Amino acid sequence: MAAPSPSSSSPSPSPRKLTLWPLVAATYFMVAGGPYGLEELIAQAGYHKTLAILLLTPIVWSLPTALMVGELSAALPEEGGYYAWVRRALGPFWGFQEAWLSLVASVFDMAIYPTLFVLYLGRLWPACAAGRPAILVGAGMIAVCAVLNVRGTKAVGGASLLLAVALLGPFVAMVVLTVAHPSVPLPASAIAPVGGGSLVAGMLVAMWNYMGWDNASTIASDVERPQRTYPLAMLACVALVAVTYVMPVLAAERAGLDPSHWSTGAWVDAAGAVGGRWLEIAVVAGGMVCGLGMFNALVLSYSHVPVALANDGILPQWVARRSAKTGAPWVAILLCSAAYAGCLGLGFARLVELDVLCYGLSLLLEFVALFVLRLREPALVRPFRVPGGLAGAALVGVLPMALLAVALIAGRDERAGEMSALVLGAVVIACGPLVYLPSWLMRRRARAVAATDAVP
């Protein structure tokens, strides 16, 4: 058995561990954040094709990834999660590339959630939706999330559980109200629009709503009995995400809402049509909760990656400083929060192609790590295993990687200003080895000095 990475020996002073259901709630916000974001899919594909896509995508995309995360999180519940897996399987260079890709992708993603919060707040107070007030509100939301994270993993998990109830409550009410009334039939053209998007195109839209299963792995050192908790949390969250996507779409169809009129934010109008003004306000509040909950949970995830890098000597040791009271990595939390606050001006639009490239390559490294560890460390204790033996470990990543390849091909024309998003992505990826080089040279020099001093 290979020796554990240095990050695995780093103690976590936090006495308050995350249990199953708070971990499920935190993972839910890292992956989904409710049905918000499905509006474009409904408008493009109609109800029947949307339902087929929402049921098929978890099988092709979510379940294989959740199985991989379940095995590696249970076998190696270490600080930094996916970084620690790849480092142990493929070495420090590839471990750093995994961390680099994940952190770079987070910069482009994390600007979305404060903007989402502000957009839904603007439905109630339009003056807060643009200009300096919008920036201030977004910064305030980031500050709240930073405070929650500094209070510790347990506080973030508990908050995620409460926010999940607040988020999903209005959609539960919508489903109940539509079931209690006779369904309103729609013409066939509205249920499945003629000339609507293809099944593959729809799955690509849905993929973004099912992405991020590995994010919860970075906090494994703060999870109670991770060998048992992670596999259960991953499988429970796959089911929860699928149900909370499918049921509101069924409710909208039963209410007779024409999908051709749907666009971003249409859940608010759907709620008003089903339950009146009170439900409309509740869904607006849920949109704010979505932005807050996703940002809060993802800060928890991403802030543990710099800590693992610091523990391995790649970043300065002060980055790994923790609160003596809560065990939270407060320096990394503040650094990440400040970086994300600086991205507020990026707005709601994201570079999908760049996200696909960075996230896809990091996920590929994780699937490779799964297979390599099965080969090199067959005796490693694995409380949960991807079924199918060595062949199962090799094949589990085929469908997710095929879907990511299709996404790259489908979005090859996306632009990042004057530059192709693919070209920008290639530049960002190429920067990874360059950023790693100074750390490698310093550690090589330190080893050489130590060897010289050891010579009598």
Seminar exercise, completed: Taking r as the C-beta separation of residue 364 and residue 176 and R0 as 56 Å, the FRET efficiency to the nearest 0.05 is 0.85
Seminar exercise, completed: The answer for residue 225, listing residues at least 5 apart or on another chain whose modeled amide H is closer than 5 Å to its amide H, is none
For this session: Would you kindly state how much longer the chain becomes between residue 323 and residue 184 on full extension, computed as 0.36 nm times their sequence separation minus their alpha carbon distance, in nm to one decimal?
Result: 44.4 nm
For this session: State in Å² the accessible area per residue of the chain; use a 1.4 Å probe, count heavy atoms of protein chains only, and round to the nearest integer.
Result: 40 Å²
For this session: Rounded to whole Hz and in sequence order, give me ³J(HN,Hα) for segment 92-101 from the Karplus expression 6.51 cos²θ - 1.76 cosθ + 1.60, θ = phi - 60°, writing x for Gly and Pro.
Result: x, 4, 6, x, 5, 4, 4, 5, 4, 4
Exercise. How much accessible surface area, in Å² rounded to 10, belongs to the heavy atoms of residue 135 with a 1.4 Å probe?
Worked result: 80 Å²
For this session: Express in nm, to one decimal, how much length is gained between residue 390 and residue 406 on full extension, taking 0.36 nm for each residue of separation and deducting their alpha carbon distance.
Result: 3.1 nm
Problem set entry | the chain - charge dipole about Cα centre, Lys and Arg +1 at Cβ, Asp and Glu -1, debye rounded to 20 | 1200 debye
Seminar exercise, completed: Evaluated at 20 °C and 1.002 mPa s, the Stokes-Einstein D of the chain based on the Kirkwood radius over Cα pairs, in µm²/s, stands at 94 µm²/s
Exercise. At residue 166 and residue 52, where each label point lies 7 Å from the Cα along Cα→Cβ, what is the point-to-point distance in nanometres?
Worked result: 3.9 nm
Problem set entry | Where labels lie 7 Å past Cα in the beta-carbon direction, separation of residue 260 and residue 435 in nm | 4.7 nm
Exercise. At residue 225 and residue 399, where each label point lies 7 Å from the Cα along Cα→Cβ, what is the point-to-point distance in nanometres?
Worked result: 3.0 nm
For this session: Please calculate the 1.4 Å probe accessible area of residue 368, with all protein chains present, and give it to the nearest 10 Å².
Result: 60 Å²
Exercise. How much mean residue ellipticity at 222 nm does the chain get from its helices, if each DSSP H run of length 4 or more adds -39500 (n - 2.57) and you divide by all residues, to the nearest 500 deg cm²/dmol?
Worked result: -22500 deg cm²/dmol
Exercise. Lys/Arg Cβ at +1, Asp/Glu Cβ at -1, dipole of segment 357-414 taken about the Cα centre: which of 404, 361, 383 is farthest positive-ward?
Worked result: 383
Problem set entry | Fully extended contour minus Cα-Cα distance, from residue 380 to residue 147, at 0.36 nm per residue | 80.1 nm
Seminar exercise, completed: With all protein chains present, the chain has a carbon and sulfur share of its accessible area (1.4 Å probe) in percent of 71 percent
Exercise. Using a 1.4 Å probe, how large is the accessible area of residue 322, given in Å² and rounded to the nearest 10?
Worked result: 50 Å²
For this session: At a Cα cut-off below 16 Å, give the lysines reachable from residue 17, other chains included and same-chain residues fewer than 8 away excluded.
Result: 154, 325
For this session: For segment 322-332, take each phi angle, set θ = phi - 60°, evaluate the Karplus expression 6.51 cos²θ - 1.76 cosθ + 1.60, and give the result in whole Hz per residue in order, putting x for glycine and proline.
Result: 10, 5, 5, 8, 10, x, 6, x, 5, 5, 5
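The values are calculated or read from the model by the stated rules, or taken from the named source; none is laboratory data. It should be emphasised that the depicted structure is a prediction, and the values quoted were computed from it without experimental measurement. Using ideal geometry, Cβ is built from the backbone for each residue, glycine included, and neighbour counts are taken over all protein chains shown. Quick note on the areas: whole protein, heavy atoms, side chains included, nothing else; ligands and nucleic acids left out. Shrake-Rupley method; radii C 1.70, N 1.55, O 1.52, S 1.80 Å.
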